[in-house]
Amino acid sequence: MNDWPYPKWIAHRGAGALAPENTLAAFRVGAGHGYRAFECDAKLSADGVPFLLHDDTLDRTTSGLGMAGQRSWFELSQFDAGGWHGAVFAGEPMPTLAAIARYVLANGFALNIEIKPTPGEERRTGQVVAREAAQLWASQTERASPP
């Protein structure tokens with residue numbers, strides 16, 4: 001008997017290499033390929049907003065440069081997080097954790113949140129992300145169903 005209540009496969013950063021990582025577009029692509037569980041990376045903006053990004057810097061996956069955690073959420077929300085992956089994803093923004101939560105909850109998906117703090121912000125990032133995740137999933141009473 002299998003007591004594991006979650007899907008066996010988890011789409012890494014939304015859709016692996018099929019879409020720009022840690023974007024809503026990546027989650028949609030992953031869902032389109034049948035994934036029902038996702039992993040993402042969460043860090044904090046300078047003004048304390050949990051958002052999705054794997055790296056400490058913006059350089060690799062956005063149109064921005066420098067340390068992501070040193071920018072306000074307003075600044076971060078202006079960068080293109082999709083164009084690096086291809087023209088079809090150009091203009092895709094970095095999402096907040098709240099935006100991703102709304103998507104996965106609305107669709108009955110499971111989410112594994114990996115905390116990726118800016119150096120020196122480990123404790124604060126863990127506290128804020130945990131608190132927000134608890135609030136976002138507070139009404140969740142059912143577990144994801146097995147595959």
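The values are calculated or read from the model by the stated rules, or taken from the named source; none is laboratory data. Because the structure is predicted, anything quoted here is derived from the model rather than measured. Here the Cβ is made from the backbone with ideal geometry for all residues, glycine too, and neighbour counts use every protein chain on show. Side chains are part of the model used for accessible areas, which takes the heavy atoms of the whole protein and leaves out ligands, DNA and RNA. Shrake-Rupley method; radii C 1.70, N 1.55, O 1.52, S 1.80 Å.
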Over the stretch 1-102: Rg over Rh, Cα atoms, Kirkwood Rh: 1.02
Ranking by accessible area, most exposed first, for VAL88, VAL104, VAL29 with a 1.4 Å probe: VAL88, VAL29, VAL104
Accessible-area value, ASP47, 1.4 Å probe, nucleic acids and ligands omitted, Å²: 90
Per residue value of the accessible surface for the stretch 1-58 (all protein chains in place, 1.4 Å probe), Å²: 45
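Of TYR103, TYR35, which has the most accessible area with a 1.4 Å probe, and how do the rest follow in descending order?
The ranking, largest first, comes out as TYR35, TYR103.
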For LYS43, solvent-accessible area (1.4 Å; no DNA, RNA or ligand), Å²: 0
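Can you give the calculated 222 nm mean residue ellipticity of the chain, where each DSSP H run of n ≥ 4 adds -39,500 (n - 2.57) and the sum is split over every residue, rounded to the nearest 500 deg cm²/dmol?
-7500 deg cm²/dmol
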Candidates LEU44, LEU136, LEU97, ranked by Gaussian network fluctuation over the chain, Cα under 10 Å, top entry: LEU136
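Kirkwood hydrodynamic radius, the stretch 58-114, all distinct C-alpha pairs: what's the number in Å? All intermediate terms of the calculation are to be shown ahead of the outcome.
Working: mean 1/r = 0.0797 Å⁻¹.
12.5 Å is the Kirkwood radius here.
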Over the stretch 17-66: Kirkwood hydrodynamic radius from C-alpha pairwise inverse distances, Å: 12.0
Two-site label geometry, GLU114 and ARG60: point separation in nm, points 7 Å out along Cα→Cβ: 1.0
Exposure ranking of GLU92, GLU122 by accessible area [1.4 Å probe, largest first]: GLU122, GLU92
